[in-house]
Amino acid sequence: MKLFNRKGFTLIELLVVIAVLGVLAAAVITAINPLGKINAAKDANVKSDISGIASALQSYYTGQNPSAPAYPLLAAGLDDLKITGEVKVIPNQQTPAPACAASPNGYTTGTDYCYVVTATGDQAAVWGNTASSGTNFWCWDSTNAVFKNSATAPTLLAPTCP
């Protein structure tokens, strides 16, 4: 009887190793939570964009007529920030954009971020959707000059972050 000289692995051994590696990969992916990381990155982008728009709005407000400063009215909306040189580009939201209602002094949809200003231009708010669960909007308003998470969007009658 001839003895076989075994070189290599059997099919069963290879399948067991592949199964163990698959279980380990699934455990690592679950521990890392890539969807949560992606949503956190999208939220950071929204917060950064809103911060830039808010800074540009404040600069626009203080750079206009000193005796009667005002935020951009909705006829031009946030596009006024580009015209006056406060920003080069108005950022577009990458997460699902909020539905901004269109009305004469209501919201503007020139970008994916929503903007509302009073008819006199003395109060304004800008907001965008967040990807993380628990809150719906990242918002800035000129009344409180604060950034905050909000479950509801500002309105024309009250352009503050609820």
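Within segment 12-48, which residues are at pLDDT below 90 and of a type in the set (Asp, Glu)?
Result: Asp43, single match.
How about segment 1-86: which helices (runs of 4 or more DSSP H) wholly inside it have at least 2 residues that are on the phi < 0 side of the Ramachandran plot and among the β-branched types (Val, Ile, Thr)?
On the way: elements: 11-32, 34-63, 79-83.
Result: 11-32, 34-63.
State the number of residues belonging to segment 144-157 that are closer than 17 Å to Ser51 by Cβ and either outside any strand (DSSP E or B) or in contact with a helix residue (DSSP H, G or I) (Cβ under 8 Å, 6 or more places away or on another chain) (or both).
Our first condition is that a residue be closer than 17 Å to Ser51 by Cβ; within segment 144-157, this holds for 144-150, 154.
Now restrict to residues that are either outside any strand (DSSP E or B) or in contact with a helix residue (DSSP H, G or I) (Cβ under 8 Å, 6 or more places away or on another chain) (or both): 144-145, 147, 154.
The number of residues fulfilling the criteria is 4.
Give me the residue from segment 87-123 that is modelled with pLDDT of 80 or more and outside any loop (DSSP other than H, G, I, E, B) and, out of that set, farthest from the chain's Cα centre (by Cα).
Here the answer is Val117.
A quick yes/no check of all residues on (1) touching a residue at least 12 places away in the same chain (Cβ under 8 Å); (2) out of contact with any Pro (no Cβ under 6 Å at 6 or more places or on another chain); (3) of a type in the set (Gly, Ala, Ser); (4) farther than 25 Å from Asn136 by Cα:
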{"position": "Glu13", "(1), (2), (3), (4)": "no, yes, no, yes"}
{"position": "Ala41", "(1), (2), (3), (4)": "no, yes, yes, no"}
{"position": "Val46", "(1), (2), (3), (4)": "yes, yes, no, no"}
{"position": "Val89", "(1), (2), (3), (4)": "no, yes, no, no"}
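Would you point out which residue out of Ala68, Ala54, Ala25, Ala31 is closer than 24 Å to Ala131 by Cα, loosely packed, with under 13 Cβ neighbours inside 10 Å and among the aliphatic types (A, V, I, L, M)? Before the answer, list the steps.
Working: Ala68 fails: closer than 24 Å to Ala131 by Cα; Ala54 fails: loosely packed, with under 13 Cβ neighbours inside 10 Å; Ala25 fails: closer than 24 Å to Ala131 by Cα.
Answer to the selection: Ala31.
The values are calculated or read from the model by the stated rules, or taken from the named source; none is laboratory data. Note that the structure is predicted; figures quoted are calculated from it, not measured. Backbone-built Cβ (ideal geometry, glycine too); neighbour counts: all protein chains shown.
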